[in-house]
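Notes follow the structure.
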Amino acid sequence: DTWNSVFNITLNAPILEITTFLVDDAYGNNNGRLDPGENADIIIMNLNAGSSDALNALADATTTSSLITINNSSFDLGTIGAGETENAVFNITVDANAQVGDVVDIDYAIAAGVYSAGYMLSLNIGMIIEDFESGDFNNYEWEFEGNGDWTIDSSEPYEGTYSAKSGSINDNQTTALTITVNVTADDEISFFKKVSSENNWDYLRFYIDGVQKGEWSGEVDWSEESFPVTAGERTFKWSYEKDGSVSSDNDCGWVDYIIFPPFAGGAAPLAVTASANPADICLGESSQLNAYAAGGNGGYTYVWNPTNGLNDPNLYNPTATPEETIVYTVTVSDGNTSISDEITVTVNPVPATVTIEQSGESLSSDATSGNQWYDSNGAITGATGQTYLPTETETFYVIVSNEFGCESEMSNELYFIYTGIIEIENGENINVFPNPFSNEFSLDYTLSKGSSVKINIYNTFGQQVAVIENNSQKTAGNHRIRFDASKLEHGVYFLHFETEEYKLVKRIIHSK
């Protein structure tokens with residue numbers, strides 16, 4: 001006999017996908033793109049869309065471009081769990097002679113055993129921006145069309161000082177701002193626009209190669225638009241267009257902060273921003289200077305002045321260790337033009353090194369403020385006074401800080417032997433009872449002769465918390481004091497007893 005049977009087997013396997021990538025140039029000019037001479041990380045997101053873990057996943061990145069160097073050609077992703085994403089990070093250095101608008105390709109592949117995926121990344125060098133901050137239309141080859149020329153306007157900028165404003169026109173007229181460029185790679189164009197017009201009749205419209213991509217009418221505040229652009233010769237046009245009658249509100253449109261796709265000869269004007277991290281330092285410390293250059297022709301050279309405290313004045317990121325507050329100026333050149341910016345590094349004073357000494361059962365610093373007491377375990381919490389009352393045998397020292405957060409060198413070290421009780425001669429004695437105590441205790445003491453008496457209580461941080469006697473004159477003989485300790489927190493305290501002849505310290509405990 002023959003029997004037929006049908007059954008299903010579910011096989012689980014990883015499915016590798018490359019989802020997206022980004023440029024992290026936080027240590028460059030932080031514009032999210034590669035720029036000439038910049039060092040940045042390319043972060044590539046890898047998704048395991050399958051139902052089984054991808055084991056021993058390894059990512060590789062290669063390029064044939066001479067404009068970038070991939071400093072780590074592989075990245076170990078380990079295990080990518082089912083449904084999870086892991087990032088591969090590759091450090092990239094861009095050649096200083098790269099031109100704004102250049103495009104570089106990176107061949108990226110990921111493999112986990114027999115499972116793999118690949119992707120070709122196309123990255124643009126530089127960001128081509130028109131923000132009209134030059135105060136004119138001379139940065140690029142702008143043209144005007146229609147019945148009125150666009151103008152530079154300072155009353156309604158999206159950012160900075162200036163924006164572009166549509167020309168003044170009448171009914172049934174148009175005013176357009178256009179530019180034609182040779183786009184070198186597929187990308188996008190983005191810009192910010194603002195409109196004040198007769199709603200649903202007069203419009204600000206945007207065109208690519210004569211094809212309308214967007215229109216806006218009425219009262220529209222600053223907002224961003226972006227549209228994909230393919231490589232090739234492209235004409236971008238912003239046109240304000242009126243109908244046959246009625247004008248309303250400001251009757252115009254504004255455009256600002258245009259980010260173009262990469263195009264040949266599209267380098268923005270040379271610009272540089274100087275920074276210092278940190279900009280406030282203590283004497284003897286260093287600050288990392290940086291000059292973030294963009295635009296121009298690339299191939300930047302850097303000169304910092306003055307050279308005081310600089311390890312190399314011709315680096316874009318020299319280390320500065322000045323001895324006084326100083327203004328550094330960096331001048332950047334691309335071979336054709338030069339531009340400068342400046343940054344101030346403030347140098348704050350460092351406190352003098354202090355000396356500490358022992359007086360009886362306490363330690364003192366010769367600094368009146370800013371003290372931090374240390375023992376072999378580090379900083380002692382709360383021990384910031386000029387005096388400190390140790391509670392154990394230890395080595396102590398002090399570091400002083402000032403209002404700028406600057407710290408002195410450590411003081412001399414002092415080895416303190418804790419006893420808690422000082423021997424008393426001539427028959428004097430002192431007794432605290434009960435000890436531990438609850439809300440009050442009695443203090444009995446005997447004086448062999450009349451004397452002034454000081455009795456104080458200190459906490460474990462050396463801070464005075466109570467005064468029992470303050471140079472009170474006492475006769476020879478026996479004395480008793482009852483002290484209300486209910487206001488003291490529970491814990492360990494030290495009672496300081498001092499006459500004209502001697503001092504002693506007694507450990508007392510306030511229990512619950």
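The values are calculated or read from the model by the stated rules, or taken from the named source; none is laboratory data. Owing to the predicted nature of the structure, the values given are computational and were not obtained by experimental measurement. So basically every Cβ, Gly included, is an ideal-geometry build from the backbone, and we count neighbours across all protein chains shown.
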Please work out which residue is nearest to GLU403 (Cα to Cα), limiting yourself to region 280-326 and to residues that are surrounded by fewer than 18 Cβ atoms within 10 Å (Cβ to Cβ) and small (Gly, Ala, Ser).
-> GLY284
Within region 1-31, track down each residue that is modelled with pLDDT of 80 or more, more than 30 Å from VAL100 (Cα to Cα) and of a type in the set (D, E, K, R).
-> GLU17
If we scan region 379-399, do we find a residue that is free of Cβ contacts under 8 Å to residues at least 24 places away in the same chain, under 34 Å from the mean Cα position of the chain (by Cα), farther than 18 Å from TYR493 by Cα and surrounded by fewer than 16 Cβ atoms within 10 Å (Cβ to Cβ)?
-> yes
Would you confirm whether any residue within region 384-391 is farther than 30 Å from ILE481 by Cα and in a loop (DSSP other than H, G, I, E, B)?
-> yes
Unique match (being modelled with pLDDT under 90, more than 29 Å from PHE396 (Cα to Cα) and hydroxyl-bearing (Ser, Thr, Tyr)) among SER438, SER452 = SER438
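Residue by residue, here is whether (1) of a type in the set (Lys, Arg); (2) over 27 Å from GLN386 (Cα atoms) holds:
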{"site": "PRO434", "(1), (2)": "no, yes"}
{"site": "PHE437", "(1), (2)": "no, yes"}
{"site": "SER451", "(1), (2)": "no, yes"}
{"site": "LYS454", "(1), (2)": "yes, no"}
{"site": "GLN473", "(1), (2)": "no, yes"}
{"site": "ILE481", "(1), (2)": "no, yes"}
{"site": "GLY491", "(1), (2)": "no, no"}
Subset of region 448-463 that is among the polar types (S, T, N, Q) and outside any strand (DSSP E or B) - its residue that is nearest to THR381 (Cα to Cα) | THR460
By residue number, the members of region 299-352 that are in contact with a Gly (Cβ under 6 Å, 6 or more places away or on another chain) and in a strand (DSSP E or B) are ALA320
Restricting attention to region 69-81, which residues are crowded, with 16+ Cβ neighbours inside 10 Å and either in contact (Cβ under 8 Å) with a residue 40 or more places away in the chain or under 30 Å from ASN336 (Cα atoms) (or both)?
-> ILE70, ILE80
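So in region 402-419, with the set limited to residues that are among the aliphatic types (A, V, I, L, M) and outside any strand (DSSP E or B), which one is surrounded by the most Cβ atoms within 10 Å (Cβ to Cβ)?
For region 402-419, the residue satisfying everything is MET410.
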Is it the case that THR10 is assigned by TED's automatic domain parsing to the domain that holds VAL94 and among the β-branched types (Val, Ile, Thr)?
-> no
When GLU394 is run through (1) of a type in the set (Asp, Glu); (2) at pLDDT 90 or above; (3) within 23 Å of ALA367 (Cα to Cα), the failure sits at (2)
Quick count over region 74-100, residues being among the hydrophobic types (A, V, I, L, M, F, W, C), in contact with a strand residue (DSSP E or B) (Cβ under 7 Å, 6 or more places away or on another chain) and assigned to a loop (DSSP other than H, G, I, E, B), is 3
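Is there a residue being among the hydroxyl-bearing types (Ser, Thr, Tyr), surrounded by fewer than 16 Cβ atoms within 10 Å (Cβ to Cβ) and in a strand (DSSP E or B) anywhere in region 101-113? Spell out the reasoning first.
Of region 101-113, the ones among the hydroxyl-bearing types (Ser, Thr, Tyr) are 108.
If we keep only those that are surrounded by fewer than 16 Cβ atoms within 10 Å (Cβ to Cβ) too, we end up with none.
No.
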Could you tell me whether any residue of region 123-146 is part of a strand (DSSP E or B) and without any contact (Cβ under 8 Å) to a residue 40 or more places away in the chain?
-> yes
Would you be able to say whether some residue in region 135-155 is within 30 Å of PHE75 (Cα to Cα) and not hydroxyl-bearing (Ser, Thr, Tyr)?
-> no
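Conditions tested, residue by residue: (1) of a type in the set (Phe, Trp, Tyr); (2) more than 16 Å from PHE21 (Cβ to Cβ); (3) touching a Ser or Thr at 6+ places or on another chain (Cβ under 8 Å); (4) at pLDDT below 95.
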site: ASP95; (1), (2), (3), (4): no, yes, yes, yes
site: GLN99; (1), (2), (3), (4): no, yes, no, yes
site: VAL103; (1), (2), (3), (4): no, no, yes, yes
site: ILE129; (1), (2), (3), (4): no, yes, no, yes
site: PHE132; (1), (2), (3), (4): yes, yes, yes, yes
site: PHE137; (1), (2), (3), (4): yes, yes, no, yes
site: TYR140; (1), (2), (3), (4): yes, yes, no, yes
Looking at (1) over 25 Å from LYS503 (Cα atoms); (2) hydrophobic (A, V, I, L, M, F, W, C); (3) in a loop (DSSP other than H, G, I, E, B), find the lone condition where ILE399 falls short.
-> (3)
Selection from region 426-443 of residues touching a strand residue (DSSP E or B) at 6+ places or on another chain (Cβ under 8 Å) and under 24 Å from SER362 (Cβ atoms) yields GLU428, ASN429, ILE430, ASN431, VAL432, ASN435, PRO436, PHE437, PHE441, LEU443
Considering region 380-412 alone, what residues qualify as being touching a Ser or Thr at 6+ places or on another chain (Cβ under 7 Å) and of a type in the set (Gly, Ala, Ser)?
-> SER408, SER411
